[in-house]
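Notes for the one structure printed next.
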Amino acid sequence: MKKIFFTIAILGFLFGCGGSTPPVEESDPAAELQTTLGGYSGVCADIAFKDARDQLAEVFVLREGGDAAGADDAYNRARDSYEISLAVYEKNTSDLQSLSGIVEDQKSRLEGLRSEGEELLPNEFSTAETTVNQYHATAQEKIDECDVLEAQYDVEQADAELNLLEDLLARAVPVETAPASETYIVKKGDSLWKIAIAKYSDPYFWPLIYWANSSSIKDPDLIYPDQEFLIDRAYSDSDKNNAVNTAKTRGPWSLYDGK
């Protein structure tokens, strides 16, 4: 009997205590949002989430004051502000990262122009380098301040300065001049008139070819494939004028008359 009463007493105690399962604690959305906001750091985060953090701080103040309805309203505003600010934060950080990459590319671009710039346009290169470096320094300050628009402006100005430098260098590179003379192999269908157009850009210069190759050209109207002609560009103004006068007087169509 004693064992039966002891068992009944134990069971009664357990049922009276509500069993061994602990109560389930409800989650706190405000605390969860506070943890989420705490995961963002840096200037961009401080700017983007300032309102959400301020409103969330108000939630806990109102709770301590016993204003549950006011705390719920403050939480809703903090949550909405966070969701809106998150898109702004992500775009700003992405844009600033992109601008930092462009700055590094521009630095490499400037360095790639150094050898040519210091050789051909040392003063212009030095000025451009100083200007670009100033824009980069200012851009970095704006990036550190999470000021996307101002940083973008400085990066664009640096790009414009580099474009100008590249244009100046392109015009400063010496143009390769044609050789003073070359050998031309006559092709089927050629005439001195056609060769003068190809080599001198003026058909009336054909006598220059005739005179330079008089030992192999007996008749200026009769040239043959595979003949080799000297194309001489070291002619004087007098030679040019005589050639034009001869060509216009006789014409490329004139038959050889021994003149």
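The values are calculated or read from the model by the stated rules, or taken from the named source; none is laboratory data. The structure displayed is predicted, hence computed values, not measured ones. FYI the Cβ positions are ideal-geometry reconstructions off the backbone, even for glycines, and counts take in every protein chain you see.
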*Single match in Glu83, Glu104, Glu58, Glu90 (criterion: closer than 30 Å to Leu168 by Cβ, free of Cβ contacts under 8 Å to residues at least 40 places away in the same chain and in a helix (DSSP H, G or I))*: Glu104
*Of all the residues that make up the stretch 175-203, how many are at pLDDT below 90, crowded, with 16+ Cβ neighbours inside 10 Å and of a type in the set (Ser, Thr, Tyr)?*
1
*Answer from Ala52, Ala69 - the residue that is of a type in the set (A, V, I, L, M, F, W, C) and either out of contact with any helix residue (DSSP H, G or I) (no Cβ under 8 Å at 6 or more places or on another chain) or not assigned by TED's automatic domain parsing to the domain that holds Asp167 (or both)*: Ala69
*Taking Ala151 as the residue in question, decide whether it is touching a residue at least 40 places away in the same chain (Cβ under 8 Å), in the same structural domain as Tyr89 (by TED's automatic domain parsing), assigned to a helix (DSSP H, G or I) and surrounded by 13 or more Cβ atoms within 10 Å (Cβ to Cβ).*
yes
*Sole residue being at positive phi and touching a strand residue (DSSP E or B) at 6+ places or on another chain (Cβ under 9 Å), chosen from Asp226, Asp232*: Asp226
